[in-house]
Structure formats: C-alpha cells, structure tokens
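The values are calculated or read from the model by the stated rules, or taken from the named source; none is laboratory data. Because the structure is a prediction, the values reported are computed rather than measured. So basically every Cβ, Gly included, is an ideal-geometry build from the backbone, and we count neighbours across all protein chains shown. The area values use the complete protein model at the heavy-atom level, side chains included, leaving out ligands, DNA and RNA. Shrake-Rupley method; radii C 1.70, N 1.55, O 1.52, S 1.80 Å.
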Amino acid sequence: MSPLADRYGRRFPYLRLSVIPACNFRCTYCLPQGYHANPNAPQPLTLDEIARLLRGFTVLGMHKLRITGGEPSVRHDLTSILRTAAAVPGVTKLAMTTNGSLLTRRLHEWMDAGLNAINVSVDSLDREKFARITGHNRLEDILLGIDMALDAHLPSVKVNAVLLRDVNDNELPAWLEYLHDRRVVVRFIELMQTGDNLHFFREHHVRATALETQLLERGWQALARVADAGPAREYRHPDYAGRIGIIAPYSKDFCSGCNRLRVTATGDLRLCLFGDFGIPLRSFLQADDQIDDLVRAIGGQIDRKEQGHFLHDGRTGITPHLASTGG
C-alpha cells in the first residue's frame, strides 16, 4: 500500500508514539506542578497492543518511529517496548525523546533492544537554571549520559532546548562551546502555547527566528531538509563538529513539511499536536486478525488533517500540556 498521504500532498512515514503520560520532571513550560495521575483514566497500551498498532502503521508506509511520553523511562517495561518496536518489519529508525534521567543507567540496555536515535531534553547548560526549569538538579548526570551515547556511536544524538525569554535565551555562546567538538545536534525549540500555559507563554515566548539571525551572522549555513526529518531547520559551520536545529512553529509555512502523526499512550490517533479531536484506535488492537480493520481506520481519517495548526489564532486544540500527547 502507498504511504499515507493527505489532500495537501503530504506523506507521513513518521509516527510519534507516547507510551505514558507521566513524567518525573516538573518543567515550568509543561508540568510546573508535576504530574498528577487521574485514577479513572485508562491504562497505557500494552506490549501486544503496541505491536499491533505498529504493524498497522508499517502497512501504511511508516518506517520511522519515535517513542515519547510524558517521560518514556517512567514506564518500567520501556526496554521491552523498544525491543518489540524494533522487531516490527518495516521499522528502520527507532528513536526516543527523553529527559535523560536514566540515560547513564539504561543507555546500553536500550541500544541492545534496538534504539538507534535519541533526543535528550536539556533546557540550559547552567546548573542553577536547569534546576529552576526542570525542578531537578540532574544536569551533570544527563550531560554524562549524552557523552556516553556519543562514545557508544549511537547513530543519532540530539539535544532539545526550549527557548524561554529572560530565562535561557542568552546561552548561545555556551551551546556553541558545547558542540564545538561534539557530533551532536542541538535543537532550539520555540515555546508553544498549550491549553494551560497562556500566562507563562505570554511572559516567556521568544521567536526562534532571532536566534537564526545570530547564527547566520556567525557564518552558519542552512542545510537541505532530508526526507524523513522532523520539523527542525538545521545549520552547520565548518569550525564545529555539531549542528544546530531551529524548530519555529510560529514561522511561515511551518506545517507545509509535516510528515508525522501521533498516537497517545491510550491509543488515540492525533493528526496534529494541536488538533481538536482524537481518533480512538484501541478497539482495533485487541487481536492479531484486526490488522485490516486497523489499517482502514487509520487510512480513512488522514484527510481530516488540517493544512496547518491554529497557534497564531491562540487555538491549542485538546492539548492541555505537551506531556499529554508526547510533544
């Protein structure tokens, strides 16, 4: 079957699967009060349900999978999830986004299970700022875990930093020093408004384009976007081993290159991070002989995907915070 394509000609080889909404950090822009479980909420997808879900998506052309949360390492069977995902025929790139809190202890275990790409959230290289943003004084251990990933020759190692005005938006010199000799991609992400962070957004939102201007002035050059890449615009400089990515969701035509779909931890398909609805898939994940029904359920919804998000209009859909959908 041909890859999923929508009415605007976009194809979707990339799936972001949340495996748990819980997180052990208290980031100011996401879960400032920490995660509070809803005792009435359904449990996350089981291993068998995940395997069936992924088989359905690979039939439709998905080959890049990113495991997200919440914080995926909060889930005790994460290694089994990675092993299960890596064994699905058609999955060629298995990535994960993590806060890095277990990286030094579990990296090699995850790599042995099939992980071949990792994004680690590090919102500041300043120890005090990092603790203020995340609620945890874990910066040194997380940076050590990133270096371990580089030393282990993990094929793709990226660092994510959310830009926050008057908090960490003056750290470009420190980041340039960090990636001078490290083959890592540091991606600066523009703060996005969600359902419950309007006041914080208004206080700390800064346009990522200002950072791009600084990079160009310093001699950094834009790279062409590869076919299955995420939303970042990447830059390189001949004097640096690493690269820099800019994720600017408020920039013009940001959604024109969208190539990813999302599934929540409980099995709802989200066509957009900031969409107004979810499409329940869990009922199609209960038996191996439901694969055809699952494929039809996914394929029959793709034309409901909008041409773009409505963040410029202040519409955040049903996303209360980024942990709820996987960012």
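Points to keep in mind about this one:
- Members of the stretch 26-50 that are surrounded by fewer than 22 Cβ atoms within 10 Å (Cβ to Cβ), more than 15 Å from residue 75 (Cβ to Cβ) and in contact with a helix residue (DSSP H, G or I) (Cβ under 6 Å, 6 or more places away or on another chain): 27, 28
- Within the stretch 137-164, residues that are assigned to a loop (DSSP other than H, G, I, E, B) sit with their Cβ atoms under 7 Å from residues that are surrounded by fewer than 20 Cβ atoms within 10 Å (Cβ to Cβ) and at pLDDT below 95, at 6+ positions apart or across chains, in these pairs: 164/204.
- Hey, residue 80 small (Gly, Ala, Ser), under 16 Å from residue 18 (Cα atoms) and open to solvent by 40 Å² or more (accessible area, probe 1.4 Å) or not: yes
Residue-by-condition table, conditions (1) in contact (Cβ under 8 Å) with a residue 60 or more places away in the chain; (2) in a loop (DSSP other than H, G, I, E, B); (3) more than 17 Å from the chain's Cα centre (by Cα):
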{"position": "7", "(1), (2), (3)": "yes, yes, yes"}
{"position": "17", "(1), (2), (3)": "yes, no, no"}
{"position": "20", "(1), (2), (3)": "yes, yes, no"}
{"position": "23", "(1), (2), (3)": "yes, yes, no"}
{"position": "27", "(1), (2), (3)": "yes, yes, no"}
{"position": "31", "(1), (2), (3)": "yes, yes, no"}
{"position": "34", "(1), (2), (3)": "yes, yes, yes"}
{"position": "41", "(1), (2), (3)": "yes, yes, yes"}
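- Taken over the stretch 83-120, the criterion of being in contact with an Asp or Glu (Cβ under 8 Å, 6 or more places away or on another chain) and open to solvent by 20 Å² or more (accessible area, probe 1.4 Å) is satisfied by 93, 104.
- Pairs with Cβ under 9 Å, 6+ apart, first in the stretch 202-226 and in contact (Cβ under 8 Å) with a residue 24 or more places away in the chain and open to solvent by less than 60 Å² (accessible area, probe 1.4 Å), second in a helix (DSSP H, G or I) and among the acidic types (Asp, Glu): 220/212
- Test: residue in the stretch 268-285 that is of a type in the set (D, E, K, R), part of a helix (DSSP H, G or I) and modelled with pLDDT of 85 or more: yes
- Count of residues meeting criterion [open to solvent by 90 Å² or more (accessible area, probe 1.4 Å) and assigned to a loop (DSSP other than H, G, I, E, B)] in the stretch 227-248: 3
- Comparison of 131, 117 shows that the only residue that is within 18 Å of residue 259 (Cα to Cα) and out of contact with any Gly (no Cβ under 8 Å at 6 or more places or on another chain) is 117.
- Some residue of the stretch 117-127 being more than 30 Å from residue 292 (Cβ to Cβ), in a helix (DSSP H, G or I) and more than 19 Å from the chain's Cα centre (by Cα): yes
- Among the residues making up the stretch 277-300, those that are open to solvent by 40 Å² or more (accessible area, probe 1.4 Å) and not charged (D, E, K, R) are 277, 280, 283, 284, 286, 291, 300.
- Residue satisfying all of: in the stretch 121-133; open to solvent by 40 Å² or more (accessible area, probe 1.4 Å) and in contact with a helix residue (DSSP H, G or I) (Cβ under 6 Å, 6 or more places away or on another chain); farthest from residue 174 (Cα to Cα) among these: 127
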